[in-house]
Ligand SMILES: CC(C)(COP(=O)(O)OP(=O)(O)OC[C@H]1O[C@@H](n2cnc3c(N)ncnc32)[C@H](O)[C@@H]1OP(=O)(O)O)[C@@H](O)C(=O)NCCC(=O)NCCS
């Protein structure tokens, strides 16, 4: 799920949210997004020292905006203060900040139902699969392509066909084209003139990390190893950029995507219950991350 864009965007059917400035006692204001689409308040990497004051301020704002949930991504040092303000540490991504500082994923359910798993039975099946860790089938090498701006429409179409709900406007070709033009790595597999699988690495340049996202394979081509090939090549793109880590927020109830990340050396860092509107509705998201290979200097 790439950074939330404040909408409306051209042609996007769903208004998704807006940014608010939240006053934090004794600190400067922080930006947070009232994410209407996923009914939550989200605040990424606020520049404050007092986690408890931050937590209280975000809770106050979320109540005011009638959000069902709060999500905060912060330096680990702020986690204790946020816990004291009632937040739960849902995941920790080591080395997230430029390979050094860990990132704590903190959550607070204001609507009690948002603290429960969306589909506990499906989660158990995925957990069993990850525990069994079936080895990857051996296959001939799958070639993936780095997308160019002209691929925006076909990628947007695949996203639209794949997801009933999606948290960003990735089904809008202008949005994808803009991201490719801005340097976001997208990779795809094509059959004839049709894009049959795609994913992207949404860069967070200030932290020198990236979120692997927009993972979609056409139903008739699933289970052929296309997504594993695309993700492996995107990891290579990030290593070429010298990025020390990568992460993903993966739908916790979808077996293939979680297995693919586990096989690529990502580690499961935690889970965000009913965090994001995607696929079937509000779903749990698994937090995976890994360190990337870096050339010795
Ligand atoms: C998730 C998704 C992208 C995977 O794409 P894919 O191209 O089929 O993935 P791959 O074939 O590379 O890898 C999936 C692996 O999981 C396995 N797998 C998939 N579903 C499985 C299941 N229910 N039980 C056991 N293994 C399963 C596949 O067999 C494959 O393993 P293999 O290499 O040993 O055959 C595709 O299913 C999809 O588009 N789903 C809908 C969109 C979505 O939920 N995207 C993820 C958003 S976070």
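The values are calculated or read from the model by the stated rules, or taken from the named source; none is laboratory data. What you see is a predicted model; the values in this text were computed from it and never measured. With ideal geometry, Cβ positions are generated from the backbone for all residues, glycine too; neighbour counts draw on all protein chains shown.
How many of the residues in the range 204-213 are within 12 Å of the ligand (Cβ to nearest atom) and without any contact (Cβ under 8 Å) to a residue 60 or more places away in the chain?
Of the residues in the range 204-213, 1 are within 12 Å of the ligand (Cβ to nearest atom) and without any contact (Cβ under 8 Å) to a residue 60 or more places away in the chain.
Show the residue pairs meeting these rules: Cβ distance below 7 Å; 6+ apart or different chains; first residue within the range 214-230 and under 11 Å from residue 257 (Cα atoms) and at pLDDT below 95; second residue outside any strand (DSSP E or B) and more than 6 Å from the ligand (Cβ to nearest atom).
Final answer for the pair search is none.
Kindly evaluate residue 223 against the criterion of being part of a loop (DSSP other than H, G, I, E, B) and within 6 Å of the ligand (Cβ to nearest atom).
Here the answer is yes, as residue 223 does meet what is asked.
Going by what's in this entry, would residue 281 be described as under 30 Å from residue 112 (Cα atoms), within 10 Å of the ligand (Cβ to nearest atom), in contact (Cβ under 8 Å) with a residue 24 or more places away in the chain and surrounded by fewer than 19 Cβ atoms within 10 Å (Cβ to Cβ)?
no
All but one of (1) surrounded by 19 or more Cβ atoms within 10 Å (Cβ to Cβ); (2) in contact with a strand residue (DSSP E or B) (Cβ under 9 Å, 6 or more places away or on another chain) hold for residue 225, so report the exception by its number.
Condition (2) is where residue 225 drops out.
How many residues does the range 185-215 hold that are buried (at least 17 other Cβ atoms within 10 Å of the Cβ) and more than 14 Å from the chain's Cα centre (by Cα)?
11
Just one of the numbered conditions (1) over 28 Å from residue 269 (Cβ atoms); (2) more than 21 Å from the chain's Cα centre (by Cα); (3) surrounded by 16 or more Cβ atoms within 10 Å (Cβ to Cβ) is not true of residue 152; which one?
That leaves (2) as the condition not met.
Looking at 184, 168, 160 in this structure, which one is within 16 Å of the ligand (Cβ to nearest atom), under 21 Å from residue 35 (Cβ atoms), touching a strand residue (DSSP E or B) at 6+ places or on another chain (Cβ under 9 Å) and assigned by TED's automatic domain parsing to the domain that holds residue 256?
168
Only one of 216, 201 is in a strand (DSSP E or B), more than 10 Å from the ligand (Cβ to nearest atom) and in the same structural domain as residue 171 (by TED's automatic domain parsing). Can you tell me which?
When all the criteria are applied, what remains is 201.
In the range 284-297, which residues are assigned to a strand (DSSP E or B) and surrounded by fewer than 18 Cβ atoms within 10 Å (Cβ to Cβ)? First the steps, then the outcome.
Within the range 284-297, the first condition is being assigned to a strand (DSSP E or B), and the residues that meet it are 284-291.
Within the range 284-297, just 291 meets the criteria.
Would you mind finding the one in 235, 254 that is surrounded by fewer than 19 Cβ atoms within 10 Å (Cβ to Cβ) and within 14 Å of the ligand (Cβ to nearest atom)?
Working: 235 fails: surrounded by fewer than 19 Cβ atoms within 10 Å (Cβ to Cβ).
Result of the check over 235, 254: 254.
Among the numbered conditions (1) in contact with a helix residue (DSSP H, G or I) (Cβ under 9 Å, 6 or more places away or on another chain); (2) closer than 18 Å to residue 162 by Cβ; (3) touching a residue at least 40 places away in the same chain (Cβ under 8 Å); (4) crowded, with 23+ Cβ neighbours inside 10 Å, tell me where residue 176 comes up short.
Here residue 176 clears every test but (3).
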